[in-house]
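Derivation of every value follows stated rules applied to the coordinates shown; laboratory data play no part. Nothing here was measured: the structure is a model prediction, and the numbers come from that model. Cβ placement follows ideal geometry from the backbone for every residue including glycine, while neighbour counts extend to all protein chains displayed.
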Amino acid sequence: MARGDCVTGKILAILTCFIAFTSPSSAQINLFLSTEQTKQIIGLDGEISYIRDGKENRNAINYALPIPYDVNKVVFTWQNSFGPFQLRQSELVLSKSLQPVIYNLTVSSENPDIVPKPFVDIEKKGSVPNKPSSFTVSFACVKEQEGDVGINVKLTLTNFNETLERHDVRVLDFKFIKICRKDFQPTKVTKSQEKKRETKKDAEIDKTSVFYIAVGVACSTILIIAIAVATLHVQSMPKNADNTKDFKDYISQSDTTSQGPSSAPRAVYSSGALNHQFEKQKRDIRSRLKDIEISKNLVTLGNVVQEGAFGRVYVGSLLSSESGEEQKVFIKTVTDQASPEQVNLFLTESCLLKKTSHRNVLPVMHVGLEEGVPPIVILPYMNRGNLKNYMRLSRTAEPLSKTLTTRDIVFMAIQIARGLQYLVKRKIIHKDVATRNCVADEEYRVKITDNALARDFFPGDYHCLGDNENRPVRWMAVESLEFNVYTPASIVWSYGVFLWELTTLAQTPYANVDPFEMLRYLKAGFRLPQPPNCPDDLFTVMACCWALAPEERPHFSQVVTCLEGFYNTLNAFI
């Protein structure tokens, strides 16, 4: 493995975490969710493999797959296929040596009041078929009931091991989380619309260039200075990878005065004043979005790909009023349960990237603002969806993506840095740079998005520090935490945390640090540790972004230059 490979070793270790059947002459079992089924459930193109050639993917088996409220069944594909050993034998030997694999299947609901006992369309006991076949586990929510219910599937496989003259028994326990919503009303899609969506190929956006024009003398100077500054910063950071204990020792010797974020006195409004304020804000927002408003009749909702307490993202289609052609899109919206404040915040944050034009920025295409119904926001489609969800799934569902390499990580990092560089030039301050606010496709082309509904979809990433505002504390710069100040330098800090997320497959930064202690933790000089196998060159860029003084952090032009230099070095070895 190359020294510069930051994540390949970790992913290979995850994907090779299999448990195999013992005998080389035993039957080879395959059990998986097809590409079509996977796309229906989580919106991604690829199979979820539970057993492949007799080897169990424990990461996939142990993952409790959420089932959207508009999906009422899971279709498994399975087969007892001949292994390589049997294929080299005569037909007579095959008939004697091959033993059937006997299965026992039980399914149960953890809350029958919301989801009654699931139905399986095969016998509870039998033999695994020798040809690719499927069986369905069906479950439906009780009307007017709401909740997340565990669906447990227990599959016991038994086959005779001739080598050891004994029966091998394998027990697999799957768990799905069925999501039930009271207000669910399925959207009907006509056959013609369905046919168009199935036959229409995903439009390729534009090809991302890999190489820039050779860096001149001035850029070379910037590169050398940036690396030197960052290297000095890395050397000055605490060396212990687990800084939590050191920090506890530090604060035990300091005064106990709270150093939380400062906040101005909050105004107190009467109910009538609040309603007036919301209505005025609503009119202002809708006025800003008027030029991209379209009729909701042009939009068809498809599957839900993400949802929270009051927000949802659909994959759907947008009908062109001029050409009559359909385009695949993302559709963000809120439910009727959303408060006026939540609706206004949703639309306000959706305005952030309005009328932007950059290959690494996802702009708002259109909005639907009809009175009496929840608003919708329409965005371009990216077939791997949310980057944080995608990277987390890549740890558990092996067939969903290619193996990530350091080269891929740096390629994505450069793209987001370019997108943020563009926003800074446009004087747009993105206050929430993180993998949860990016989208990707299968070629690792990525785009930065707005943060509308991010608090609802990823509530664990946001914390309220006593000022009645949920903020991404673990991603925020020191000055943002202390004084609620956001500048281009603050974005650079958050981008450094984003880089750390990329190299750890979207792990939570500062997971062991109390959010209320984050400010003191950072001011004491503690930072995120270097991830395992992460190259020094890449971690140097991260550390440079986390300089305490904003003026000591690099500009995005310098970040791009550093990463492009490292990327070109990696390409030289491929």
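Rounded, prolate or oblate for the range 452-541? Axes are the square roots of the Cα gyration tensor eigenvalues, ordered a ≥ b ≥ c, and the cut-off for rounded is a/c under 1.5.
Values: a/c = 1.66, a/b = 1.40, b/c = 1.19.
Prolate is the answer for the range 452-541, as a/c is 1.5 or above and a/b outweighs b/c.
Which one, S287, P340, L353, is farthest towards the positive end of the dipole of the range 283-380 when Lys and Arg carry +1 and Asp and Glu -1 on their Cβ?
L353
Between I177 and V485, what's the calculated FRET efficiency when r is the beta-carbon distance and R0 is 56 Å? Round to 0.05.
Values: r = 40 Å, r/R0 = 0.72.
E between I177 and V485, to the nearest 0.05, is 0.90.
On full extension of the chain, what length is gained from K354 through D121, given 0.36 nm per residue of separation minus the C-alpha to C-alpha distance?
Details: separation 233, 0.36 × 233 = 83.88 nm, distance 4.90 nm.
Going from the current span to full extension adds 79.0 nm.
Hey, which of these cross-link pairs are over 25 Å Cα-Cα: K125/K175; K328/K354; K182/K280; K296/K328; K328/K427; K282/K425? Spell out each step's value before the answer.
Details: K125/K175 20 Å; K328/K354 19 Å; K182/K280 31 Å; K296/K328 15 Å; K328/K427 30 Å; K282/K425 29 Å.
Violating the 25 Å limit, Cα to Cα: K182/K280; K328/K427; K282/K425.
Working out 0.36 nm times the residue gap between Q337 and K427, then minus their Cα-Cα distance, what length gain in nm do you get to one decimal?
Once the chain is fully extended between Q337 and K427, it gains 29.0 nm.
Based on other C-beta atoms within 10 Å, arrange R520, R286 from fewest to most. Don't jump to the answer; show the numbers that get you there.
On the way: R520 20, R286 16.
In increasing order of surrounding Cβ atoms, one gets R286, R520.
What's the exposure ranking of K280, K143, K431, going from fewest to most Cβ atoms within 10 Å? All intermediate terms of the calculation are to be shown ahead of the outcome.
Working: K280 11, K143 8, K431 16.
Fewest-to-most Cβ neighbours within 10 Å comes out as K143, K280, K431.
For the range 283-380, just say rounded, prolate or oblate: build the C-alpha gyration tensor, square-root its eigenvalues into a ≥ b ≥ c, call rounded for a/c under 1.5, and beyond that prolate if a/b exceeds b/c, oblate if not.
rounded
What distance in nm separates the simple spin-label points at L298 and T136, each placed 7 Å from Cα in the Cβ direction?
3.7
Does the range 360-399 come out rounded, prolate or oblate, given a ≥ b ≥ c as the square roots of the eigenvalues of its C-alpha gyration tensor, rounded meaning a/c under 1.5 and, failing that, prolate meaning a/b above b/c? Present the calculation step by step, with values, prior to reporting the outcome.
Working: a/c = 4.31, a/b = 2.33, b/c = 1.85.
Note, shape of the range 360-399 comes out prolate.
What distance in nm separates the simple spin-label points at A549 and I102, each placed 7 Å from Cα in the Cβ direction?
Here the modelled spin labels are 7.7 nm apart.
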